Amino acid sequence: MLEVRGELDMATSPQLREGLQRLVDAGEQQVVVDLAGVGFMDSSALGALVVMFKAMRVADGRLSVAAAQPAVRNVLTVTSVDRVIDVYDSVRAAEASVPSADDATGR
């Protein structure tokens, strides 16, 4: 999980992308971005999320976002990013949606 706080804009989006890249490089397969502490998100942050979503997918991983405040959730909806990246009401809900290793093997 990556907990994000503050505003996600042109100045901070590179940090978001770097944080997500570190998780990918560490071999994380299921990453939840906790947006509970984010009050504003611009297109550069959306771009960073989409780029890292694609990177996770290429690595057979999964990126989702959780706990977005209403203004941020609206940005995800208006831009249709919520149709590409799974958006959950809470981190707990996002983590609960992750298939277990047993599910993947059919056990």
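Just so you know, all these numbers are worked out from the coordinates, no wet-lab data involved. The shown structure was predicted, so the numbers you read here are calculated from the model rather than taken from an experiment. Using ideal geometry, Cβ is built from the backbone for each residue, glycine included, and neighbour counts are taken over all protein chains shown.
Observations
- Note on the stretch 2-98: Cα-only Rg and Dmax are 12.0, 32 Å.
- Each Lys or Arg adds one and each Asp or Glu takes one away; over the other residues whose Cβ falls under 13 Å from the Cβ of VAL4, this sums to -3.
- Charge context of VAL75, other residues only, Cβ under 13 angstrom, K/R +1, D/E -1: -3
- The string of couplings for the stretch 58-69 from the Karplus curve (6.51, -1.76, 1.60, θ = phi - 60°) is 4, 8, 6, x, 9, 10, 9, 10, 9, 6, 5, 5 Hz, one whole number per residue in order, with x for Gly and Pro.
- Summing +1 for each Lys or Arg and -1 for each Asp or Glu among the other residues whose beta-carbon sits under 13 angstrom from that of VAL32 gives -4.
- Separation of alpha-carbon centers, the stretch 47-87 and the stretch 14-37, rounded to whole Å: 12 Å
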